[in-house]
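Reading through the structure tokens given below for one structure.
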Amino acid sequence: MRDGFIKVLTEVAKNNPEVMFLTGDLGFKIFDNFITQCPKQFLNVGVAEQSMLGVAMGMSLEGRRVLVYSIANFHIFRALEQIRNDVCYHEADVKIVSTGGGFGYGTAGMSHHATEDLSIMRALPHMTVLTPGDAWEAIGATQFMLNNKGPFYLSLEKSNINSQKIDEVFEFGKIRQLRDGADLTLISVGSVLSEVVLAADILAKENIFCRVLSVHCLKPIDQDAIIRAAKETGGIITIEENSIFGGLGSTVSEVCMENNVGSKKFTMMGLRNEFSAIVGDPTYLRHYYKLDSEAIIAKAKKLLK
Amino acid sequence: MDTKKIAQNIRKRVLKMTCEAQSPHISSIFSIVDIVTILYFKILNLDTQNPRWLKRDRFILSKGHAGAGVYATLAERGFFDVNELDNYCKNGSKFSGHISHKNIPGVELSTGALGHGLPVANGMALNAKLNQQEHKIFVLLSDGECDEGSVWEAALFAGHHKLDNLVVIIDYNKIQCIAKTQDVLDLEPFVDKWKSFGFMVKEIDGHDHEALEGCFMEAKQTKGQPTCIIAHTIKGKGVSFMENDKILWHFRSAQGEEYDCALKELA
């Protein structure tokens, strides 16, 4: 996802001198081309996330579109008050970009795992939360973000998959349907999408047909797609490399309950009041925390019993 | 222009606002009234009819709890009608106790949580330098605010980028929320700290109007480094019983006889 993000950023920034990119001393070598092409639009503010958000805020008040970049937890948790009081309250044109969403940093440990960021960013007024599920969605999300004003949170993960369908055009805010089926809906945020698609394809071979939905924009949420899923399919499973508290599971639950379409069968897959404290690579962690295709298949079968 | 009279008018206005709203922080506000008066009436390049004028000097009140002081100053300066201040802290009002920019002409930034103003001022200052703009950025911090780590992250940034269009003013009344700064987290040697971060540092009497004006004028001309003005102030300045019990008046508003006595002293 990151390569696509940088490519789009570079293209947009070249033609829009008001775009400014700040990093909290992260992104070794990966921004070299951007720096070459847009040298006056890049700034390493140092390992100082509160400073970074403040500087971004000050520049945005002066009319710039400012991106801040770091590993998810570093800027959004350390500088959460700056994001809330400065960026969101002022509806500033600041884009918060995270790398390594979910278990992306694997063996680096829980300090680097972004497993509550979606819940917290989603709770902030005026914040748009982008959660692309693969490289193609990340490009679309980045393009939309860079062409629109206001606070955005973009969670980038490690995925090189391109799920674009023939002639498909990226539509901001619209949940994408990647498989159809009436037995269940499998709905996810972020790159765990690949596990969901795999699970759906294996289930289909066993005559269990699932609708697969990718929520590349967690906020604002596409309510219609969720309501349709609740009405048209036999149940809903939400899947996220995030806490189930306040993330996708909560979002889908809220939409269903508020619209009186409480799904007949419903379950949430994600972290439940725990840290991802086990050491392992992202694949291992997905397996351990029961978020891989195997776990999704088992959950689907259990739900349909 | 009699800035002393203007400052007293602002104090009287704040006394009334905080009395009617029964809102706190009057001593913190009185501490900065002279600084803010000189800025708005002598230093800042402004257009009250066009508050977003691109070439204006920017002022950020980082100690947002003194918002009433800035609201009163903006009204006195002509940004909006002083009668609007009667709504201060009333239900449905736009004037919150901690300064808000929403629908209030002249306010650059909403603050309230400490440690936010200087990083934002840095962004404004760096942006002005990148755009080769001439205006200056002033930011007013409290002393207790300097306990915040974000202030020192920002101080590093300002020094590193040689933001000579930035003027940091510290309201050094030596009392923070519930105790003396020297008893909580001693800021001394305060001047040396800012110097070591690359600032041109000036110490002044924060209630001496001539000294303030001279110091601000000089700061505007400083080249190659940001300026930090450590303004020695008196919390509750202007009302003897507030000056005598500085901590208490961080939390109180003057009511009844207290109000009358304070008003008499400010006359």
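Overview of results
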read-out	value
C-alpha long axis of helix B:3-21 to longest principal axis of chain B, angle in °	60
For A:60-69, mean number of other protein chain Cβ atoms within 10 Å	3
Gained length - B:Asp186 relative to B:Asn244, 0.36 nm times residue gap less alpha-carbon distance	18.7 nm
Chain B: most fluctuating residue of B:Ile26, B:Ile169, B:Ile104 per GNM, C-alpha cutoff 10 Å	B:Ile104
For B:114-122, mean number of other protein chain Cβ atoms within 10 Å	6
Qualifying trypsin sites (Lys or Arg not before Pro) for the range A:139-227 [loop in DSSP, other Cβ within 10 Å: at most 15]	A:Lys149, A:Lys165, A:Lys174
Förster radius 45 Å - calculated FRET efficiency between A:Asn15 and A:Ala182 (Cβ-Cβ, nearest 0.05)	0.45
Sequence-separation-based contact order of the range A:229-305, relative, with Cα cut under 8 Å and 6+ spacing, percent	31
Within the range B:169-246, trypsin sites (Lys or Arg not before Pro) in DSSP loop having at most 10 other beta-carbon neighbours inside 10 Å	B:Lys223
Folded to 0 to 90 degrees: helix A:223-232 orientation relative to chain A principal axis, Cα	10
Per-residue [θ]222 nm for chain A (sum of -39500 (n - 2.57) over DSSP H runs n ≥ 4, rounded to 500)	-11000 deg cm²/dmol
Label zone at A:Gln37, where the point sits 7 Å out along the Cα-to-Cβ direction: the range A:63-79 residues whose backbone N lies under 15 Å	none
The range A:1-30: trypsin sites (Lys or Arg not before Pro) in DSSP coil with no more than 12 other Cβ atoms inside 10 Å	A:Lys29
Tilt relative to chain B, helix B:117-130 - C-alpha long axis, 0 to 90 degrees, to 10	40
Diffusion constant of chain B at 4 °C, which comes from Stokes-Einstein with the Kirkwood Cα-pair radius and 1.567 mPa s, µm²/s	71
The range B:56-85 versus the range A:168-226: alpha-carbon centroid distance in Å	52
Relative contact order of the range B:3-266, pairs being alpha-carbon contacts under 8 Å that are 6 or more residues apart, as %	24
A:Asp3-B:Met217 FRET efficiency (beta carbon distance; Förster radius 41 Å; 0.05 resolution)	0.20
With 5 Å bins from 0: P(r) over the range B:151-199, alpha-carbon pairs, percent	5, 18, 26, 22, 15, 10, 4, 0
Calculated FRET efficiency for the pair A:Lys301/A:Met110, C-beta based, R₀ 25 Å, to 0.05	0.25
Tail fraction, Cα-Cα pairs, chain A, threshold 36 Å, whole percent	15
Extension gain (nm, one decimal) between A:Glu254 and A:Asn44, 0.36 nm per residue minus Cα-Cα	71.6 nm
Rh by Kirkwood over Cα pairs, then Stokes-Einstein D for the range A:1-150 at 1.306 mPa s and 10 °C, µm²/s	104
Average beta-carbon neighbours from other chains, 10 Å sphere, peptide B:101-107	1
Estimated distance in nm for a label pair at A:Ile202 and B:Asn87, the labels positioned 7 Å out from Cα along Cα-to-Cβ	6.2
Structure-based [θ]222 nm, chain B - -39500 (n - 2.57) summed over DSSP H runs of at least 4, per residue, nearest 500	-12500 deg cm²/dmol
The range A:176-304, relative contact order [Cα under 8 Å, separation at least 6], %	27
Label zone at A:Asn160 (point 7 Å along Cα-to-Cβ), backbone N below 18 Å, the range A:268-293	A:282-283
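Values quoted throughout were computed directly from the atomic coordinates according to the rules given, and no laboratory measurement underlies them. Please read these numbers as outputs of a predicted model, since none were measured by experiment. Cβ coordinates were reconstructed from backbone atoms using ideal geometry, including for glycine residues, and neighbour counts include every protein chain displayed.
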